[in-house]
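Novice: Mind looking over this structure? Questions follow.
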Amino acid sequence: MAHCVVPEADAILDQEFPVLDKGFIRLVDYLGGDERVVQSARVSYGAGTKGYREDRGLIDYLLRNQHTSPFEQVVLTFHVKLPIFVARQWIRHRTARLNEISGRYSVMQEEFYVPIPEDVALQSTDHKQGRAAEALDREIAQEIRTGMAAAQKRTYTDYTRLIEQGVARELARINLPLSLYTELYWQIDLHNLFHFLELRLSAHAQKEIRCYAAVLLEITKKVAPQSCMSFERYVLDGVSFSREEFAEIRRRLGVAQGTAVGASLQGKDVERFEAKLKG
C-alpha cells in the first residue's frame with residue numbers, strides 16, 4: 001500500500017481559513033485520502049486501486065451502506081482558533097484527539113468574539129436552545145454589541161491587573177468569559193469527522209459552530225473530494241425514514257399492503273414527517 005499524497009491538500013497546508021471575526025482553521029497535516037479509503041476497502045481480497053469511476057462507485061457504496069471502517073484510515077489534523085463557547089460544543093465529539101492552549105501556562109490574549117448585528121436576535125419561541133430567525137433592529141443590536149464589547153474589556157482589564165499583582169495565572173483566568181478565543185490542535189479520522197459535520201452543519205446547531213463546520217468541510221474536500229461528495233449525497237443531504245414513515249410513503253404512493261402502519265403517525269410525528277418531505 002503506497003503512501004497517499006494529495007496535491008490539492010498539500011497546497012493548503014498551514015493556510016489560515018478565517019472564521020467569524022477573529023478565528024481560523026488550518027490544515028496542519030493529513031494521512032491518506034480517497035485512495036486510502038479504496039485501498040483499505042479492497043485489502044480483504046487484494047484487488048488494489050482501480051479506475052476513477054470504480055473508486056467513486058466503491059466510495060458511494062461504502063457511504064450508502066454505512067461501511068465506515070475504511071474512512072477511519074484517513075486522518076486529518078487541524079489547528080483551530082475559536083471562542084470558548086464554541087470549543088465547549090466542539091469537544092462534545094469525544095472520538096478525536098486534541099490539545100488546547102492552557103491559561104495556566106500562558107497569558108491569554110485580549111481577543112473576544114462579538115456577533116455581527118445580523119446575528120443578534122431574541123430567544124426563539126419554538127427552539128428551546130436557539131435564537132429566533134429574525135434579527136433585532138440594527139440600532140438595538142448595535143447597542144447590545146457595544147455592551148458586550150465593553151464588558152469584555154472590563155473583564156480583561158481585571159484579568160491583567162491580577163496578573164500584574166502576581167496572582168497565579170490559573171486563578172486570574174477564571175473570570176474570563178466564554179467569548180474569549182482559545183486555540184487547539186484537533187486530530188480526527190474521516191468517519192468521525194463526517195459525523196461531526198452531519199451534526200454541526202444541521203440547522204439545529206448554533207450559528208457560530210456551523211460557520212466552523214462549513215469551513216472544515218471545504219478543507220476536507222481538498223483531502224478526500226470523492227468521499228466528501230458521497231457524504232453530502234447520502235448523509236448530509238439525504239433523509240432517513242422510520243418504519244412508520246416509510247409505510248406512510250408506501251400508502252401515499254398506493255403500494256401499501258394491508259393496514260397502513262403509517263396511520264399510527266400522530267401529532268409531532270406527522271409534523272416531522274411532513275418537514276422531511278418538504279426538505
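Novice: Identify, from the list Leu171, Leu193, Leu162, Leu184, the residue that is assigned to a helix (DSSP H, G or I) and in the same structural domain as Tyr30 (by TED's automatic domain parsing).
Specialist: Leu193
Novice: Using beta carbons and a limit of 8 Å, which pairs, at least six apart or on different chains, have the first residue in the range 62-77 and not assigned by TED's automatic domain parsing to the domain that holds Glu232 and the second one modelled with pLDDT of 90 or more and not in a strand (DSSP E or B)?
Specialist: Final answer for the pair search is none.
Novice: Anything in the range 74-106 that is over 16 Å from Thr182 (Cα atoms), of a type in the set (Val, Ile, Thr) and assigned to a strand (DSSP E or B)? List them, or say none.
Specialist: Across the range 74-106, the qualifying residues are Val75, Thr77.
Novice: Could I ask something else about it? Here is a list of conditions, (1) assigned to a helix (DSSP H, G or I); (2) surrounded by fewer than 19 Cβ atoms within 10 Å (Cβ to Cβ), and Tyr156 meets all of them except one; can you say which number that is?
Specialist: Only one criterion in (1) assigned to a helix (DSSP H, G or I); (2) surrounded by fewer than 19 Cβ atoms within 10 Å (Cβ to Cβ) is unmet by Tyr156, namely (2).
Novice: Do we have any residue at all in the range 21-31 that's of a type outside the set (Asp, Glu), out of contact with any strand residue (DSSP E or B) (no Cβ under 7 Å at 6 or more places or on another chain) and modelled with pLDDT of 95 or more? I'd like the intermediate steps shown before the answer.
Specialist: Of the range 21-31, the ones of a type outside the set (Asp, Glu) are 22-28, 30-31.
With the extra rule that they be out of contact with any strand residue (DSSP E or B) (no Cβ under 7 Å at 6 or more places or on another chain), the set shrinks to none.
The answer is no; no qualifying residue exists.
Novice: Restricting the search to the range 107-119, which residues are more than 18 Å from Gly23 (Cβ to Cβ) and part of a loop (DSSP other than H, G, I, E, B)?
Specialist: Val107
Novice: Let me ask another. So how many residues does the range 200-215 have that are in a loop (DSSP other than H, G, I, E, B), more than 17 Å from Ser179 (Cβ to Cβ) and not aliphatic (A, V, I, L, M)?
Specialist: Here the count works out to 2.
Novice: Checking Arg104 against (1) free of Cβ contacts under 8 Å to residues at least 60 places away in the same chain; (2) touching a helix residue (DSSP H, G or I) at 6+ places or on another chain (Cβ under 6 Å), which test does it fail?
Specialist: (1)
Novice: Examine the range 125-132 for a residue that is at pLDDT below 95, more than 18 Å from Arg210 (Cβ to Cβ) and of a type outside the set (D, E, K, R), and state whether such a residue exists.
Specialist: yes
Novice: Return the total of residues in the range 130-145 being under 20 Å from Ile84 (Cα atoms) and either of a type in the set (Gly, Ala, Ser) or free of Cβ contacts under 8 Å to residues at least 24 places away in the same chain (or both).
Specialist: Final tally of qualifying residues: 1.
Novice: Tell me yes or no: at least one residue of the range 218-236 is at pLDDT 80 or above, under 26 Å from the mean Cα position of the chain (by Cα) and not in a helix (DSSP H, G or I).
Specialist: There is at least one residue in the range 218-236 that is at pLDDT 80 or above, under 26 Å from the mean Cα position of the chain (by Cα) and not in a helix (DSSP H, G or I).
Novice: Going through the range 7-43 one residue at a time, which ones are under 25 Å from Cys211 (Cα atoms) and of a type in the set (A, V, I, L, M, F, W, C)?
Specialist: Ala9, Ala11, Ile12, Leu13, Phe17, Val19, Leu20, Phe24, Ile25, Leu27, Val28, Leu31, listed by residue number.
Novice: I've got another one for you. Somewhere in the range 177-187, is a residue at pLDDT below 95 and of a type in the set (D, E, K, R)?
Specialist: no
Novice: Given (1) crowded, with 16+ Cβ neighbours inside 10 Å; (2) under 25 Å from Phe71 (Cα atoms), where does Gly238 come up short, assuming only one miss?
Specialist: Every listed condition holds for Gly238 apart from (1).
The values are calculated or read from the model by the stated rules, or taken from the named source; none is laboratory data. Remember, it's a predicted structure, so these values are computed and weren't measured experimentally. Here the Cβ is made from the backbone with ideal geometry for all residues, glycine too, and neighbour counts use every protein chain on show.
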